[in-house]
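Structure first, commentary second.
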Amino acid sequence: MITLESVAKTAGGRQILNIALLHIDRGERVALIGPNGSGKSTLLRVIAGIVPPDAGCVIFEPPGTQAYLMPQVSFGFARSVLKNLEIGLPASMKSAEKRAAAEKTADMLALRPLLKKHGNKLSGGETQRLALGRLLTAPKSLLLLDEPTGSADFESTRLIEDVLLAACEKNGTTLLFATHDARQAERLAGRIILLENGRVAKDTPAAAFAETAGSGWGKRLTHEQHPQTPDGLPEI
Amino acid sequence: MEQFKEAIRLVFSPDKELWQIIGVTLVMTFASTAISCALGIFPGIFIGSRRFRGKKLLMKILYTFMGLPPVVAGLVVFLLLSNRGPLGSLHLLFSVEAMVIAQCVLIVPIITGLTASAVALKYPVIAETSKGLRLSGWKQLLLLLSECRGALISVALTGFGRAISEVGAVNLVGGNIRFKTRVMTTSIMFETGMGNFELAIALGILLLTIAFAVNFIASTFRRETDDYA
């Protein structure tokens, strides 16, 4: 599906991405984790074609595959939520079809009560659901999400995760997302990639990540960010 | 007090000359604002949304021209349009057209500079979102214009405010000719000099009323577009 070969990116004299080889298969769900500045967002932007790499190349199979990105900063356009959801739909679609697709997505993401509200007047979590909804109004083969639940509360986070899993399974979508939440990575992804200093420090199946994390950071993320009591509840 | 009463009487019973002055003022102001917006907004969008070599220098030049003294602009246009000037053959000096040209020299940098600043604030997040949705370049531009419409209305209002209050440049290139190029600001200056304070005060009240009305309408429109759902 996607192959990155010798992809490098430098900014401000610092190398922020240096990927020798990375391959992601069709239909895979891959989580990118790593500390701030490790290159997660840059990697997603490079794959999306928003930022050109200084060296190397990104190969899509089949060629012409469109990568859709939900940026880290979610943005609601100054129009109704309904119109926001219709933005990404092709102009050739009839307005009734667009409306139906937008309303269906709104139902999935609990945005129905907000349909007439302005996109730029939503809360952070609502805006993230809206941003994701814009991508899900039509089936996508490749989704790139940069911290898709960064501003969402517990309920919204679970809703987004459920919707994403359902959409990916239904459409065979390949999913690559950045997150700081190791539990979320384990819930959503089948594979976890740990980035450190722009390099792939660990690439492992999600189930084995905690045990095999080569870097101390990976273990800290899994065991210390969300410590749990013996009954499985988060410690307070 | 008597002068003020007489001014109020003049406001509510304007004579033919006063109507003519108001008419020339409105034509000159709206024409120069519209032309300046047409010439300045798209370069402003380009500058605000693109990275290119020399952008910082260009912005510094723009900011300098935003503060261009009106008499300097008037002098430049006067020299260009005078009989010995390169555009003398057009015979535009001391006409409303010359006044509009001088106004545009003053207003276009303001429109371009303010548009660039407004667009630069919103462009990064709009661009990343639009590109992430793989929207066409045309659709991205329309979205950017739509998102910046409130700011663009404010930019146009700033240009209008400059145009309607301008006196130095229009006096130089228009000549303050009665029944031809006399506008409200040059009339106020002229009538004050002549000691006709009643007419000067009446013109001042009308000028403020027009400026308030235009700002009120534009602000209402801006609020409506912002609340559009």
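Every read-out reported here was derived from the displayed coordinates using simple, explicitly stated rules and does not represent laboratory data. Since the model is a prediction, treat every value here as computed from it, not as a measurement. Methodologically, a virtual Cβ is constructed for each residue, glycine included, from the backbone with ideal geometry; neighbour enumeration extends over all protein chains shown.
Taking the longest Cα principal axis of chain B as reference, the axis of helix B:137-147 is set at about 50 degrees.
Taking the C-alpha atoms only, the angle from helix B:70-81 to the longest principal axis of chain B is near 90 degrees. Specify the inter-centroid distance of region A:114-190 and region B:75-132, based on alpha-carbon positions, in whole Å. Between the Cα centres of region A:114-190 and region B:75-132 lies a distance of 45 Å. Peptides B:52-61, A:111-120 ordered by packing proxy, namely the average of other Cβ atoms within 10 Å per residue, highest first: A:111-120, B:52-61. Once whole DSSP H runs in chain A are found, which of them have Cα atoms spread over 24 Å or more along the helix axis and a mean Kyte-Doolittle score of at least 0.0? TM-like helix candidates: A:154-171. Please identify, among A:LEU188, A:LEU109, A:LEU89, the residue showing maximal mean-square fluctuation in a Gaussian network model of chain A using a 10 angstrom Cα cutoff. Sorting by GNM fluctuation, first place goes to A:LEU89.
Which shape class applies to chain A: rounded if a/c is under 1.5, otherwise prolate when a/b exceeds b/c and oblate if not, where a ≥ b ≥ c are the square roots of the Cα gyration tensor eigenvalues? Oblate shape, in that a/c is at least 1.5 and b/c is the bigger or equal ratio. Packing, taken as the mean count of other beta carbons within 10 Å per residue, orders the peptides A:141-149, A:71-79 from highest to lowest as A:141-149, A:71-79.
Peptide A:83-96 shows a mean partner chain C-beta count of 1 within 10 Å per residue C-beta.
Per-residue shielding of B:120-130, expressed as the average number of other chain Cβ atoms within 10 Å of the residue Cβ, stands at 4. Only beta bridges with both residues in chain A are counted; by DSSP, about 55 percent of them are antiparallel. Per-peptide packing, taken as the mean over residues of other Cβ atoms within 10 Å, places B:133-143, B:211-221 in the sequence B:133-143, B:211-221 from highest down. If only the Cβ of Lys and Arg carry +1 and only the Cβ of Asp and Glu carry -1, the dipole of the protein assembly as shown around its Cα centre is close to 960 debye. For the residues of B:131-138, the average number of beta carbons from a partner chain within 10 Å of their own beta carbon is 6. Once the Cα atoms are used to define both axes, helix B:184-194 deviates from the longest principal axis of chain B by about 30 degrees.
Overall, region A:2-213 carries a charge dipole of about 800 debye about its Cα centre when +1 sits on the Cβ of Lys and Arg and -1 on the Cβ of Asp and Glu, all other atoms neutral.
Computed on region A:2-213, with alpha-carbon pairs under 8 angstrom and 6+ residues apart, the relative contact order is 30 percent. When each of A:VAL30, A:VAL81 is scored by the number of other beta-carbon atoms lying within 10 Å, the sequence from fewest to most is A:VAL30, A:VAL81. Going by the alpha-carbon gyration tensor, a ≥ b ≥ c the square roots of its eigenvalues, is region A:90-173 rounded (a/c under 1.5) or, if a/c is not under 1.5, prolate (a/b greater than b/c) versus oblate? Cα axes put region A:90-173 in the oblate bin.
Relative to the Cα centre, the charge distribution of region B:81-229, modelled as +1 at Lys and Arg Cβ and -1 at Asp and Glu Cβ, gives a dipole magnitude of about 380 debye. Hey, if you put +1 on the Cβ of every Lys and Arg and -1 on every Asp and Glu Cβ in region A:2-213, which of A:ALA167, A:PRO113, A:GLN72 ends up farthest toward the positive end of that dipole? It is A:PRO113. Sort chain B into rounded, prolate or oblate with this rule: let a ≥ b ≥ c be the square roots of the eigenvalues of the Cα gyration tensor; rounded if a/c is under 1.5, and if a/c is not under 1.5, prolate when a/b is larger than b/c, oblate otherwise. It is oblate, given that a/c is not under 1.5 and a/b is not larger than b/c. With the charge dipole of region B:2-228 set up from +1 on Lys and Arg Cβ and -1 on Asp and Glu Cβ about the Cα centre, the Cα lying farthest toward the positive end among the listed residues B:THR209, B:MET184, B:MET99 is that of B:MET99.
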